[in-house]
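What follows is a set of notes on a single structure, which appears directly below.
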Amino acid sequence: MKIAIRYFTKSKKGNTKKIADFVSEKLGVEALDLTNALTEKAETLFLINAMYAADVDKEVKEFLKANKENIGELVNVNSSASGSSTYKAVKKVADANGIAMSEKEFHTPASWIFINKGRPNEEDFKRLEEFLKQFKEAE
Ligand SMILES: Cc1cc2nc3c(=O)[nH]c(=O)nc-3n(C[C@H](O)[C@H](O)[C@H](O)COP(=O)(O)O)c2cc1C
């Protein structure tokens, strides 16, 4: 398997699911939640996540630990209200588990309560589409 997509969100139809569906459509690979273990090695794993309480959640930590043998390289795709990326928090978990993490990442500011209404918006998805092109071209 060249590419796998997994996402973690606390919201059923929120920003992360929208982003995961977009990535899935652009790469032609199904996006599954973290209850779906990697059954074979993925050269590139897109981990689509969001910042909750300034950290990554235990589900993400547990998934990475349990699936580390099947992750070639991890690509972080994430959103937050503050505009800060989850990269550092995810990298810490990746490092602890010996998982290679790509320096390439996608982050977008996203809506939360009254902040960043309407985001990710059309422009954000355009940026995401551009970001994904490099992985299609590398196939
Ligand atoms: C419970 C909760 C806690 C959050 N904590 C933070 C935070 O600490 N920092 C931040 O920048 N955004 C925070 N956010 C905003 C989310 O990162 C942002 O809304 C993200 O797009 C949520 O994705 P979702 O719609 O898939 O849940 C929080 C959102 C929720 C629901």
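The values are calculated or read from the model by the stated rules, or taken from the named source; none is laboratory data. In this text, all values refer to a predicted model and were calculated from it rather than measured experimentally. Every residue, glycine among them, receives a Cβ derived from its backbone with ideal geometry; neighbour counts consider all protein chains shown.
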For this session: Quickly run through segment 8-30 and pick out the residues that are over 18 Å from Lys104 (Cβ atoms), touching a helix residue (DSSP H, G or I) at 6+ places or on another chain (Cβ under 8 Å) and away from the ligand (no atom under 11 Å from the Cβ).
Result: Glu30
Problem set entry | Residue ID - nearest to the ligand (Cβ to nearest atom), chosen from residues in segment 88-108 that are under 15 Å from the mean Cα position of the chain (by Cα), surrounded by fewer than 18 Cβ atoms within 10 Å (Cβ to Cβ) and not charged (D, E, K, R) | Ser102
Exercise. Exactly one of (1) away from the ligand (no atom under 13 Å from the Cβ); (2) closer than 22 Å to Leu132 by Cβ; (3) surrounded by fewer than 18 Cβ atoms within 10 Å (Cβ to Cβ) is unmet by Glu62. Its number?
Worked result: (2)
For this session: Give the residue that is nearest to the ligand (Cβ to nearest atom), with candidates limited to residues of segment 70-85 that are closer than 16 Å to Leu128 by Cα and β-branched (Val, Ile, Thr).
Result: Val77
For this session: Go through Phe22, Phe63 for me and flag whichever is at pLDDT 95 or above and under 19 Å from Asp124 (Cβ atoms).
Result: Phe22
For this session: Go through segment 51-90 residue by residue and tally those that are touching a strand residue (DSSP E or B) at 6+ places or on another chain (Cβ under 6 Å), free of Cβ contacts under 8 Å to residues at least 40 places away in the same chain and more than 22 Å from Ala37 (Cβ to Cβ).
Result: 5
For this session: Give the number of residues within segment 54-86 that are assigned to a strand (DSSP E or B), over 18 Å from Ser11 (Cβ atoms) and not hydrophobic (A, V, I, L, M, F, W, C).
Result: 3
